[in-house]
Amino acid sequence: MFRTLGGGDLTTNRTNGAHPHAVTELCEAGSRLYGDALRAGRIPRADVEPAPCLMELALLHPDPDDPNWLRPVSPAVALAQRLNPLEREITERRRMSIELADAFEPFMALSAQATMSTESMTVLEGFDRINAALDLATSQCRSEMLTVQPGGRRLEHTLAQALERDRQMTERGVRIRTLYQHTARHSPETLAYVARFDTAKVEYRTIDELVERLIICDETVAFIPIREDRQVALELRHPGLVRYLIKVFEFMWTRAVSLDAGAPYEPAPDGLTEVQHSIAKLLVEGHVDEAIARRLGMNVRTCRAHIAKLAATLGSGSRAQLGYLIAQSGILDEDGGPR
């Protein structure tokens, strides 16, 4: 018996499991004996015992004149017998494939739309994959890259990697605008990094508070972290999302101060620096020292030093009184902050 529809392997199926092989080939003994039968016109039945597949494959049939002999079936007839079930199966499979294609065709357009939506946002997990995606995007950047870099001092090896990337971009004529927090002004590594670039191609500004990292290339792709340890990021290519993030960047950019300027640390008329104004605002909102330091990109010790100066300026003797004096002093009013 042949297993053609459903079995899939098209092998002989002997109940005792002996001598099985595919219908597309003959064993060595079977090939030799079939050839002998064709040359002689018949072959003794006893001679074919080593190759029972010859009978199973219908290549031999009993001699009607003498049951002790077997006669060969013409190769053309044998081939047709083998091909017919295969061709029927192929025809059936083709019919099934057409029916399946017709059944799924209405969903193809929906799938294409879903794929476009999925490809507009890609989750990148692990620093290696994130950096690989960033390297590809920056290598393809041809016009402008916008970056937001919150936090304090950046690690030297991180800056070295960024230096090579940014150097290649500026050599291609790409403009780079980067936002740091004011605390970057105290980082020798960051200042040395900034000094390596032509200010006509690269511009740096600082602002008191930044939420998270952001990188945008050519108004087409943006990268944002989605976990505090920055091991997971999103690659965004949806035009609407990218345009929105560009507007957020421009909003912060217009309120930031050039890195060359000393304004953020120069006292305003009320005797407070811009950084101290930012700390005062966060204190009134109820943030603890650690949270304030993290949001402003400084260490807790520096943050507490600014709080102490703020308390001395306002004449506060306690943390609770400091919050009250800040609220009463008017320094957080629209017209009371630094300019």
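Table for the structure above
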| read-out | value |
| --- | --- |
| Cβ-defined net charge surrounding Glu87, 12 Å radius [Lys, Arg +1; Asp, Glu -1] | +2 |
| Contour excess over end-to-end distance, with Cα ends at Val288 and Ala195 and 0.36 nm allotted per residue | 30.0 nm |
| Coarse-grained scattering of the stretch 122-257 at q = 0.09, 0.16 Å⁻¹, given as base-10 log I(q)/I(0) from a Debye sum over alpha-carbon atoms | -0.24, -0.83 |
| Relative contact order (%) - the stretch 47-92, alpha-carbon pairs under 8 angstrom, separation at least six | 23 |
| Lysines whose Cα lies under 26 Å from that of Lys281, excluding same-chain neighbours fewer than 8 positions away | Lys247, Lys309 |
| Proxy reagent accessibility, fewest Cβ within 10 Å first, across Thr122, Thr178 | Thr122, Thr178 |
| Fewest-first sequence of Met108, Met145 by Cβ atoms within 10 Å of each Cβ | Met108, Met145 |
| Relative contact order of the stretch 266-329, pairs being alpha-carbon contacts under 8 Å that are 6 or more residues apart, as % | 30 |
| Contact order normalised by residue count of the stretch 122-257, Cα under 8 Å, 6+ apart, percent | 30 |
| FRET efficiency estimate (nearest 0.05) - Cβ-Cβ, Gln140 to His238, R0 22 angstrom | 0.80 |
| Ala101-Cys27 pseudo-label distance in nm [points 7 Å out on the Cα-to-Cβ vector] | 4.2 |
| The stretch 23-109: GluC sites (Glu not before Pro) in DSSP loop, at most 11 other beta carbons within 10 Å | Glu25 |
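Laboratory data are not the source of any read-out in this text; all were calculated from the coordinates shown. As the structure is a prediction and not an experimental result, all values here were calculated from the model. Note: ideal-geometry Cβ built from the backbone for every residue, glycine included; neighbour counts use all protein chains shown.
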